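Remarks on the structure that follows.
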Amino acid sequence: MFSFFSSFLFRRGGFHVLKNEVEFLKSSEIRDIFLEFFSSRGHHVAPGSSLVPDDPTLLLTNAGMVQFKPYFLGEAPPPYRRATSAQKCVRTTDIESVGITARHNTFFEMLGNFSFGDYYKDEAIPWAWEFLTSVLEIDPGSLWMSVYEEDDEAERVWKSTSGVAPERVIRLGAQDNFWDMGDTGPCGPCSEILYDRGEKFACSHACGPGCDCDRFLELWNLVFMQYDRRPDMSLVELPRKNIDTGMGLERVAAVKQGASTIFEIDIIMPVIEAITGLCGVRLGDSPGADISVKVIADHSRAATFLISDGVMPSNEGRGYILRRLLRRAVRHGRLLGIEGHFIDALAGVVTELLGDVYPGLKERNKLVTGVITSEEESFDQTLDRGVELLSNVIEEHKAEGKDTIGGKTVFYLHDTLGFPLELTREIVSDKGMKIDHEGFGVLMEEQRERARLSRKGEMDEEGAAYSEASNRCGRSRFEGYERNRLETTVTAIIIDENSVESVEGERDIEVVLERTPFYAESGGQVGDSGVIEGLTGAIAVETTFYGAPDLAIHRGRISGALKVGDTVTASVDVERRLAIARNHSATHLVHWALRDVLGAHARQAGSLVAPDRLRFDFTHFDAVSPDEIARIEMLVNERVLDDAPVRVTVMAREAAIAGGAMALFGEKYGEEARVVEIGDFSKELCGGTHVERAGNIGPVRITAESSVGAGLRRIEATSGFETLRHYRFIEGVLRETEDLLKVRSESVPLRVAEMLIRVKDIERVAAKERSKSVDGMAGEITDKAKRITVGGADFLFARVDAVDQSRLRNLADVMIKKEESIGAVALVAVAGEKAQLVVKVAKGMVGRLNARDLADAGGKMLGGGGGGREDMGIAGGPMINGADAALLEIEKAIKEKIEAPL
């Protein structure tokens, strides 16, 4: 794998050397140097988070600041005032530019430093300059600094920083140098550090900093969060100002490695080499091939990391993004002449390059390659379906004299079938036609707007009420691990999405408590229910959930009166909590047993832990066989009977993972995490509630296994009393079956098998009778039908007593075979308020007559239209009085077609 990689690190041939930078640095060295630089300046080195963010407003982690968003928004107190991180990110906003420009990619690593109300511009700007020019030794004469046009402070700090030429600090507008999280909320000016690659990369003589061409490469963006944008669009100074910076590792590596594009750096070029080895082309052979090679390299990197972080291909959300990336890569592979599976092999190259930095790539390599292979196979079928559908549409349009494929058709191919737009455009162009780009664009924009509105749901009035409560009350302290009942204070009351000071009567209510024993829904475990009692009122709590980070909302119905500040007693429904705990501990056992039976690639990808059942989604490619289910169930119950202790410890997250604790896909853990160990075989990071010993779980029964998507399976199970209830239910069903069949339980399968044989015999006899009935009826209709002879062939027309369209088709099929001279049969029947029409054309007449066209002509007399095939046409409509006219119209059309000169 690395024979070409090792030589690549030290060769310059094939690269355009931008500047004679002092030292060639590997990407891994740049990453380490960056983190060490800020660590030495008091920054906590925070591990990068998953690409699946703990943020319902985002599909994917697209910046380093995402994991720190609650600190920036004031929703949670930061555990440290300064942080630095190397964060894997995916952005698809510029997907169409990937491979075309030197700098765009969908997957990248963002290096960042962050301040939560600690330092500001006076430190952030000089540190950025020092790191680039002194530590990385990038030529200061190659750098430009842009600031927001109204940010006098940033300009002053830049110009007073040692070594900065004042004339290289420029002001740009809000489009380039003002950052926000959304329509409202924290925002502020930013400052970009641009690397000037030289005039030969300029788009024109007028090109300058801020131009969107490849000359000025944005290396680093320093965001100064100093305002809160209100709903009226006014900007109010924040009491605590924050710093959020982001620098693209791949772009800095391109500068330090003298590469002309980000695709030629040490952590991407080996992927490029693997692709060119497959297709036999080299970078520089042709612009089109270059784009395809780079798209494949970028998308295979993104797909590898997404799947490793638990994203599975689907038709919505983040799964759709993954599917789109994989399918674009396959499409570009076909353009290069690569047939069969190939992206799974590229995932192996990505893993070898970055697996030491991101160990999850190695741990989940089998899963990653399996999912990619499955998706490639699926897309092969999609390509076949799409090409067939598009070919039919092109044929129909040409026959009708049209030269443009409608936007709806293009959108259907793209959105429903996943057929690449580029491929549609190419196929249509080859046929001398075009596509309706405007209509397609309108439909795509409508889809984006629907997605935007659905994501905006978290920012509604209810979310605002929770944020307000969080800012006013602070976090809710959960003490439910130690106790099920405690005395506490009401800190907030929410009625109809509005905070109130008091409430009286009987109505739905949400309350926040200073301390609570109620577990709020998280990690797949449902929230607790119970009772909150005060001196003047009581709340029957139906569920508990987090309205904002660390803000537990108790939702229920009040009877009596309650006000903020009241002292209350909060009591959890203990029996329900115990049932949930049994299922949660059972979930851990099921997870362990799945990995033992199926392999280490079987990892949790989602779960539901409720009082009556557990549901466990996991990564696996095939249906779990009955034998495997039996082995998994047996292993779980053996461990239950062993009655191993369940130990819970709290430790630093990184230490827990290093000690073998399993962190789950998509879960967010704090700096300190709870580790749940069952015996010496199961060890997971988990914040849920559990039993004290495995024996407390009781019997575990797997009730179902199914597919929930590509590479994802689901197991459903019960534990404890629910399993006993399940067995009693099955036993009751069996007893009832015994009574009905009048046999003992062990004889039920044999008796059912005998009855099925008898039912099949009866069905065969009934089918023969129906066939005889149709044959006889067809003979009668043939004899009585109106018959005309045109061009040496006979044509039959008849009204039939009320039958459905299926019966009409069967009759027409039989009638057409009655006599060799029959060229076509047209039958019409009226049933209720609708008329049905069928036209059958004999094989020898197809070509001269089209049954679909004849049915369409007759269907107009019924107030409808026709459809079907060349040999069998159907129509229908509400105009039942037009039945005879429909047959006459078909007769007329047949005469015109047959008698017309050839």
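The values are calculated or read from the model by the stated rules, or taken from the named source; none is laboratory data. As the structure is a computational prediction, the values presented were derived from the model and not from experiment. Neighbour counts are summed over all protein chains in view; Cβ atoms, including those assigned to glycine, are modelled from backbone coordinates with ideal geometry. Side chains are part of the model used for accessible areas, which takes the heavy atoms of the whole protein and leaves out ligands, DNA and RNA. Shrake-Rupley method; radii C 1.70, N 1.55, O 1.52, S 1.80 Å.
Report those helices (runs of 4 or more DSSP H) wholly inside the stretch 270-362 carrying at least 1 residues which are of a type in the set (Asp, Glu). Please lay out each step first, then the result.
On the way: elements: 287-308, 317-335, 343-354.
Because the criterion is at least 1 residues that are of a type in the set (Asp, Glu), the helices (runs of 4 or more DSSP H) in the stretch 270-362 that meet it are 287-308, 343-354.
Under 30 Å from residue 78 (Cβ atoms), of a type in the set (A, V, I, L, M, F, W, C) and out of contact with any Cys (no Cβ under 9 Å at 6 or more places or on another chain): which single residue out of 685, 724, 664, 750 fits that description?
685
I'm told residue 165 meets every condition in (1) among the hydrophobic types (A, V, I, L, M, F, W, C); (2) more than 36 Å from the chain's Cα centre (by Cα); (3) crowded, with 16+ Cβ neighbours inside 10 Å except one. Can you identify the failing condition by its number?
(3)
With the structure loaded, tell me whether residue 197 is among the charged types (D, E, K, R) and open to solvent by 30 Å² or more (accessible area, probe 1.4 Å) or whether it fails that test. I'd like the intermediate steps shown before the answer.
Values: among the charged types (D, E, K, R): yes; open to solvent by 30 Å² or more (accessible area, probe 1.4 Å): no.
No, not satisfied.
Taking the condition open to solvent by 10 Å² or more (accessible area, probe 1.4 Å), in a helix (DSSP H, G or I), at pLDDT 90 or above and not assigned by the TED database to the domain that holds residue 329, does residue 96 pass?
no
Please list, ordered by first then second residue, the pairs with beta carbon atoms under 7 Å, 6 or more apart or interchain, first in the stretch 499-511 and closer than 18 Å to residue 476 by Cβ, second surrounded by fewer than 19 Cβ atoms within 10 Å (Cβ to Cβ).
499/468; 509/495; 509/557; 510/555
Here is a check on your reading of the model: is residue 129 assigned to a helix (DSSP H, G or I) and of a type in the set (A, V, I, L, M, F, W, C)? Write out each step before concluding.
Details: assigned to a helix (DSSP H, G or I): yes; of a type in the set (A, V, I, L, M, F, W, C): yes.
Spelling it out, residue 129 is indeed assigned to a helix (DSSP H, G or I) and of a type in the set (A, V, I, L, M, F, W, C).
Only one of these conditions is not met by residue 159: (1) open to solvent by 50 Å² or more (accessible area, probe 1.4 Å); (2) touching a strand residue (DSSP E or B) at 6+ places or on another chain (Cβ under 9 Å); (3) in contact (Cβ under 8 Å) with a residue 24 or more places away in the chain. Which number is it?
Here residue 159 clears every test but (3).
Is there any pair linking a residue in the stretch 781-809 that is of a type in the set (S, T, N, Q) to one that is not in a strand (DSSP E or B), with Cβ under 8 Å and at least six apart or on different chains, and which?
782/815; 782/818; 782/819
Conditions (1) open to solvent by less than 30 Å² (accessible area, probe 1.4 Å); (2) touching an Asp or Glu at 6+ places or on another chain (Cβ under 7 Å); (3) basic (Lys, Arg); (4) in a helix (DSSP H, G or I), marked per residue:
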| site | (1), (2), (3), (4) |
| --- | --- |
| 725 | no, no, yes, yes |
| 737 | no, no, no, yes |
| 740 | no, no, no, yes |
| 750 | no, no, no, yes |
| 754 | no, no, no, yes |
| 768 | no, no, yes, yes |
| 797 | yes, yes, no, no |
| 807 | no, no, yes, yes |
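Sort out which residues of the stretch 646-661 are open to solvent by less than 50 Å² (accessible area, probe 1.4 Å) and modelled with pLDDT of 95 or more, and write them in order of number.
646
Whether any residue in the stretch 877-896 is of a type in the set (S, T, N, Q) and closer than 18 Å to residue 794 by Cα is what I want to check.
No, the stretch 877-896 has no match at all.
Output yes when any residue across the stretch 276-291 is surrounded by 24 or more Cβ atoms within 10 Å (Cβ to Cβ) and not assigned by the TED database to the domain that holds residue 92, and no when none is. Before the answer, list the steps.
First, the residues of the stretch 276-291 that are surrounded by 24 or more Cβ atoms within 10 Å (Cβ to Cβ): none.
Taking every residue of the stretch 276-291 in turn, none turns out to be surrounded by 24 or more Cβ atoms within 10 Å (Cβ to Cβ) and not assigned by the TED database to the domain that holds residue 92.
For residues that are assigned to a loop (DSSP other than H, G, I, E, B) and open to solvent by 30 Å² or more (accessible area, probe 1.4 Å), tally how many sit in the stretch 51-77.
As a first pass, look at the stretch 51-77 and keep what is assigned to a loop (DSSP other than H, G, I, E, B): 51-65, 74-77.
Checking which are open to solvent by 30 Å² or more (accessible area, probe 1.4 Å) leaves us with 54, 56-59, 62, 74-75, 77.
Of the residues in that region, 9 qualify.
Filter the stretch 809-830 for residues that are over 47 Å from the mean Cα position of the chain (by Cα), open to solvent by 10 Å² or more (accessible area, probe 1.4 Å) and not basic (Lys, Arg) and give the result.
Hits for the stretch 809-830 are 813, 814, 816, 819, 820, 821, 830.
Return the residues of the stretch 349-392 that are closer than 20 Å to residue 266 by Cα and either of a type in the set (D, E, K, R) or surrounded by fewer than 18 Cβ atoms within 10 Å (Cβ to Cβ) (or both); say none if nothing qualifies.
352, 355, 356, 357, 359, 362
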